[in-house]
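The values are calculated or read from the model by the stated rules, or taken from the named source; none is laboratory data. Being a predicted model, the structure only gives us computed values, none of them experimental. Positions of Cβ are generated from backbone atoms using ideal geometry, with glycine treated the same way; all protein chains shown enter the neighbour counts.
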């Protein structure tokens, strides 16, 4: 890592984990040791095998721009369906996903560029049947691959697609593809769905205000708050440390964005800030 860092931001991460576990940004040479400690000691406690496994690591240049994912369904080596979703992660040294919107409300030419890049990836990998989930940074209209996996995506993306594609089951089609059956493909998206995770500062929670709005609003179809007063909210380093979310569905991206902003303004976390535990973070 020290040899790789040349004065511009880099990212160090495990290459065989998920949920943003161990992904850390490095902006200064003096933060390399701290970042390596954060990355190499990060642990997963859910949805992983209990057997010993080797962990591999990558250091890569940080790419600016905005983040998207492409979900590509393949049957007999041919792409039969793809969609692009807009993603948002936390700023700072960690990268937990904080929002996903399906389909991505981005310029049509950049949407098409991501589709082309994802299909080139699928061809290069020689995928025969199944789903490829790939994540990209789009900078100056050009997609840059940052990770991929041979599976259905997480972050409630299939649940969002079910709404925006009129009942489309990404899980069901994955099973059909792996069983050698033709998938049940949807038509074009007819609406927009988005999930947003709450991201309060670390500390002791005093109160959650306005949470009842999540159950009352007809645009909200998923919601959960996993903390209660007097709980300690940790530094959100990865997807397992997020403390709650809500998902909304509306006819278009503008309506979804407006509803998300409205709910974030009404549901407030009153927190007594605390210093993060563990290794010292970069200043």
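Here the condition is being surrounded by 16 or more Cβ atoms within 10 Å (Cβ to Cβ), within 22 Å of residue 260 (Cβ to Cβ) and without any contact (Cβ under 8 Å) to a residue 60 or more places away in the chain; of 97, 115, 106, it holds for 106 alone. So which residues in the range 170-181 are modelled with pLDDT under 95 and either outside any helix (DSSP H, G or I) or within 18 Å of the chain's Cα centre (by Cα) (or both)? Selection gives 179, 180, 181.
Against the criterion of being within 20 Å of the chain's Cα centre (by Cα), at pLDDT 95 or above and part of a helix (DSSP H, G or I), residue 261 qualifies.
Where strands (runs of 3 or more DSSP E) sit wholly within the range 203-258, those with at least 1 residues that are without any contact (Cβ under 8 Å) to a residue 24 or more places away in the chain occupy 220-225.
Conditions tested, residue by residue: (1) more than 20 Å from residue 99 (Cα to Cα); (2) modelled with pLDDT under 95; (3) outside the structural domain of residue 25 (by TED's automatic domain parsing); (4) surrounded by 12 or more Cβ atoms within 10 Å (Cβ to Cβ).
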| position | (1), (2), (3), (4) |
| --- | --- |
| 134 | no, no, yes, yes |
| 139 | no, no, yes, yes |
| 143 | no, no, yes, yes |
| 146 | no, yes, yes, yes |
| 156 | no, no, yes, yes |
| 160 | no, no, yes, yes |
| 165 | no, no, yes, yes |
| 168 | yes, no, yes, yes |
| 209 | yes, no, yes, yes |
